[in-house]
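Reviewing the structure listed below.
The values are calculated or read from the model by the stated rules, or taken from the named source; none is laboratory data. Keep in mind the model is a prediction, meaning the values are calculated, not measured. Here the Cβ is made from the backbone with ideal geometry for all residues, glycine too, and neighbour counts use every protein chain on show.
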Amino acid sequence: MKKVYKVLLIDDHPIILEVYKMAIKKASLSIENAAFKIETAENSDIALQKIAIASKSDGFDIIFLDIKLPPSSDGEILSGEDIGVEINQLLPNAKIIISTTFNDNYRVQNILKNVNPDGFLIKNDIDTDELVEAIKTVIFDPPYYSKSVIKLLRKQISSDYLLDKIDRQLLHELSIGTKMKDLPDVLPMSIAGIERRKRQLKEMFNVEDCEDRELILKAKEMGFI
Amino acid sequence: MKTRPTPNKLLFQLFFLALFTFSIIGCHTPNQDIVAKIAEIDSISIWIQNAKNVSLDFRNRKQSLYKAYQQNNFQKNDSVKNSNLAKIAYEGYELKDSVFFLKVNLEAQKLSIKLRDTFGIADTHWSYGMYYLENELYDSAYYHYYEAYKNFQGINHEYFAGKMLYNMAIIQQDVKDYAGSEILIFQAISIFKKLLKNDDLYRCYNLLGTVFKHMQEYDKAIMYHTKALENLENVKQKGTYKESSLNNLGLVYQNKRDYKKAITNFNKALGKRDLKVQDINLYSKLIDNLAYTKFLSGDTVNVLQDYNKSLLIRDSLGYISGVITSKLHLAEFYAKYEVLDKAILNADEAHKLAEDVNNNRDVLASLLLLSKLDTKNAPSYFKNYADLSDSLQIVERKIRDKFTRIRFETDEYIEKTEMLSAQKMIISIGSFVALLILSLLYFLNAQRTKNKELVFEKEQQKSNEEIYSLMLKQQSSLEEGRLKERQRISEDLHDGVLGKIFGTRLALGFLNINGDDETIAKHKLYVDELQNIEKEIRTISHELKNEILSSQTDFIKIVENLLEAQSKISNFKYKIINNNAAWDSIGNKIKINFYRIIQEAIQNINKYSKAKNVKIAFDLIENSVCLTIEDDGVGFEAGSKNNGIGLKNMRSRVSKLNGNFNIESVTDKGTTISIFVPVEPDNYEKSL
């Protein structure tokens, strides 16, 4: 009896959807008694719709999720990350393979934390063989993390610093040049609180009395952003 | 008949003696010259002395005087020369050399005016007065005496001023302006009384007596003559003053028809021994007067004899006026005794003589007498008499008018001068007040301008800071825009392009390439190459993002811009070091002032220092921002004024920030400015 895997591919690039299909096809060749039923979604609206429908029937087994997606029409969903959270809620058994071009530590960490995907592919790390390998690993022995992700995790584990979410967010915001005065809008804190936190971070990274720049460079070096 | 008893000559001799003494005393000169000077003066004074010497003959004296004049021309000291000139002029007058006198006196006057020697000016006027009086040019004489009087008065020389008044009184008496004469004499008397000049007082009283006699106020005339005689008691050198006064007194009594008293006085005068020797003129006058009085009283004893005696003396002396008087008296005498031909003869002779010497008074008297005696020609004589009398009166009136005018003009002049000086006073007070007001206005205006300037400066400062604020804002928004743009490009590359290439690459990878091994290998190679391209793009994208981090803070950027522009002016190299200064947390106030201070310092460096390298460093030390501006220029001496304003500005800026300012400069080594400013702990306080 053939096992039918229901697959949902979410990506706004049609060519990538094609590639996923080819990869799955190739993978199916090496998996016995497996059939793949593939659906695609080119934007978050369609994706959400399909997820919602699937949640009421037999769901999806595997979902390829791109992080960089145009926002949904109602503005609720800003990225694939949000869809991932949604999937975790609606289809807790679905295996999510994040496939993204992002490789900045902060985002990767956030995604790992929020979505906890079974596969995490940094698009530029992989080639066709790896992609096929990833699909197989996710089906039989998840997780599959591509090289950059593994490197990042290793760096984090080896460092002594303990940063919470807000610390990371703060560092991230500073790194993209967000102004201090605008920070209270993105972080759930007052300016004073942000300042204090920043000073603590500087102490932690041993860059007291320096500008924020030093802090960011250090954080980057340590793999937090 | 001339009754002036005191010839001016004596006066002048006294005066010149005084003047001479003056000049001797006055010519103190430095020691080295003194001998030569004295010798020079001596030679001149010897010549003058010779000219004065009566025992020498007339020609000899004149020669001496000319020599003195010539010698004096070599005199270099102007004031000595001047006093000598005055002396020489006077001697010229004495020697009746009118051409010489006029020349020298004019010279003396000019020199006096040049030297502003008021006394000298007065002195020369005096000499002119004498000269013109001698020549009976009464108005000129009066004018010069008056000028002399004014000048003496001007230098407060009261004695000589009094003498001038006396001389003027004589002239006024001569032209029968008795009232005017009287006033002048009283003025002179008040001066002489004060100065206790008894002989001058005597002369004044004597003249006053004569004036009153002419005014036919005989009692007053007698009173003043008596006073003159009383005054004479105090005069040391009496000479024949007493006798002449007695003569005058006698004449008054004679006019009063008190013949007895007249005769007593004449006899009293004649009682003086040696009178004939001392003043033969007066002697002859007395004899004549006595005889005439006797004749008038009807006593004919010895009258004719005395007349002839007097006439003889007068004739021998060449005293023509006296001769005329004698002849007139004789004519009267003969007329009384009906010896008409002799009477007419004498009267006619008197008339002719009087006309010869131009003595109008005697001409008149002789004409009147002739008109009485010569019945045949009486009408013509009388007509002549009347005509002459009229014309004389007119002349005298004219002269009197002239005197009045001279005095009036002077009064007017004085009045005018007073008015002018009052005007001058008003003008000077007015101009002073105006000046005061003007300067006050100027001061007020200056103050207001200063205030305005201050206000303006303040406003400028404010707007400067606003501009700077705007500059910062603009700079930061510019930076922000730039960053956003970079971010956008970076994201576009990353998300869009990378994704697409990734898709394409994998799609290519999944293609089943049919062909030989070489083609498959090449295919793989190209796919790998695509992956490399992806990596490159990703790197570029990251670098674009990293620019955000490598980009400097706004403030440092602005300082950099400033230095970049300024360093081109004098071609220095610059270095900006930002050590740990967290500019985000530092207020705009500090940044603005730091910016201005740097600007000022760089300006100084450009202007004066000739620095090759400039280093600007920012440090955060404890809670202070520290700015250090270092150059390797020529430096300057502390306290030199050139950098004054710039340094003052910097200092004031730092003190506004409650900071510390320090400047060290070593000549030819460079200058270091260090500034510590406490960071306002606002942000930190709040965050803790």
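Checked against the criterion of being modelled with pLDDT of 80 or more and either farther than 30 Å from A:MET180 by Cβ or not assigned by TED's automatic domain parsing to the domain that holds B:ASN588 (or both), the candidates B:GLY646, B:GLY670 yield just one match: B:GLY670. Taken as a whole, the condition of being within 11 Å of chain B (Cβ to nearest Cβ) and either over 21 Å from B:ASN579 (Cβ atoms) or of a type in the set (A, V, I, L, M) (or both) applies to A:ASP182. Answer yes or no as to whether B:ASN82 is more than 30 Å from B:LEU251 (Cα to Cα) and either at pLDDT below 50 or touching a Leu at 6+ places or on another chain (Cβ under 7 Å) (or both). It is true that B:ASN82 is more than 30 Å from B:LEU251 (Cα to Cα) and either at pLDDT below 50 or touching a Leu at 6+ places or on another chain (Cβ under 7 Å) (or both). For region A:154-179, the set of residues classified as away from chain B (no Cβ under 14 Å) and under 15 Å from A:ILE225 (Cβ atoms) consists of A:LYS155, A:GLN156, A:SER159, A:TYR161, A:LEU163, A:ASP164, A:LYS165, A:ILE166, A:ASP167, A:ARG168, A:GLN169, listed by residue number.
Scanning region B:116-139 for residues that are within 26 Å of the chain's Cα centre (by Cα) and surrounded by fewer than 23 Cβ atoms within 10 Å (Cβ to Cβ) turns up B:ARG116, B:ASP117, B:THR118, B:PHE119. Candidates in region B:495-532 are the residues that are of a type in the set (Gly, Ala, Ser) and part of a helix (DSSP H, G or I); of these, the one that is farthest from A:ALA27 (Cα to Cα) is B:GLY496. State yes or no: is B:VAL80 over 21 Å from B:LYS150 (Cα atoms), buried (at least 19 other Cβ atoms within 10 Å of the Cβ) and in contact (Cβ under 8 Å) with a residue 40 or more places away in the chain? So B:VAL80 fits the description; yes.
Would you be able to say whether some residue in region B:479-495 is closer than 30 Å to B:ARG653 by Cβ and either within 14 Å of chain A (Cβ to nearest Cβ) or exposed (fewer than 11 other Cβ atoms within 10 Å of the Cβ) (or both)? So that I can check it myself, show each step before the final result.
First, the residues of region B:479-495 that are closer than 30 Å to B:ARG653 by Cβ: B:479-480.
From what's left, either within 14 Å of chain A (Cβ to nearest Cβ) or exposed (fewer than 11 other Cβ atoms within 10 Å of the Cβ) (or both): B:479-480.
Checked region B:479-495: at least one residue is closer than 30 Å to B:ARG653 by Cβ and either within 14 Å of chain A (Cβ to nearest Cβ) or exposed (fewer than 11 other Cβ atoms within 10 Å of the Cβ) (or both).
Taken over region B:338-365, the criterion of being β-branched (Val, Ile, Thr) and within 17 Å of B:PHE382 (Cβ to Cβ) is satisfied by B:ILE344, B:VAL363. Restricting region A:190-225 to residues that are in a loop (DSSP other than H, G, I, E, B) and within 11 Å of chain B (Cβ to nearest Cβ) leaves a set whose member that is nearest to A:GLN109 (Cα to Cα) is A:ILE225.
Among the residues making up region A:126-149, a single one is farther than 16 Å from A:ILE63 by Cα, within 18 Å of the chain's Cα centre (by Cα) and facing another protein chain (nearest Cβ under 9 Å): A:ILE126. For B:ASN445, state whether it is away from chain A (no Cβ under 14 Å), at pLDDT 90 or above, part of a helix (DSSP H, G or I) and under 30 Å from B:TYR595 (Cα atoms). It is false that B:ASN445 is away from chain A (no Cβ under 14 Å), at pLDDT 90 or above, part of a helix (DSSP H, G or I) and under 30 Å from B:TYR595 (Cα atoms). If the condition is being of a type in the set (A, V, I, L, M, F, W, C) and at pLDDT below 75, then region B:534-584 contributes B:ILE548, B:LEU549, B:ALA581, B:ALA582, B:TRP583. Kindly establish whether A:LYS136 is within 24 Å of A:ILE31 (Cβ to Cβ), part of a helix (DSSP H, G or I) and either in the same structural domain as A:LYS25 (by TED's automatic domain parsing) or in contact with a Pro (Cβ under 9 Å, 6 or more places away or on another chain) (or both). Yes; evaluated as a whole, the condition is true for this residue.
The selection criterion, being farther than 30 Å from B:ARG482 by Cα and assigned to a helix (DSSP H, G or I), does not hold for A:GLN169.
Count of region B:260-299 residues, restricted to those that are free of Cβ contacts under 8 Å to residues at least 12 places away in the same chain and within 60 Å of the chain's Cα centre (by Cα), is 1.
Yes or no: region B:472-487 includes at least one residue that is over 30 Å from A:HIS172 (Cα atoms) and out of contact with any Gly (no Cβ under 9 Å at 6 or more places or on another chain). Break it down stepwise before answering.
Initial filter on region B:472-487 (over 30 Å from A:HIS172 (Cα atoms)): none.
Scanning region B:472-487 turns up no residue that is over 30 Å from A:HIS172 (Cα atoms) and out of contact with any Gly (no Cβ under 9 Å at 6 or more places or on another chain).
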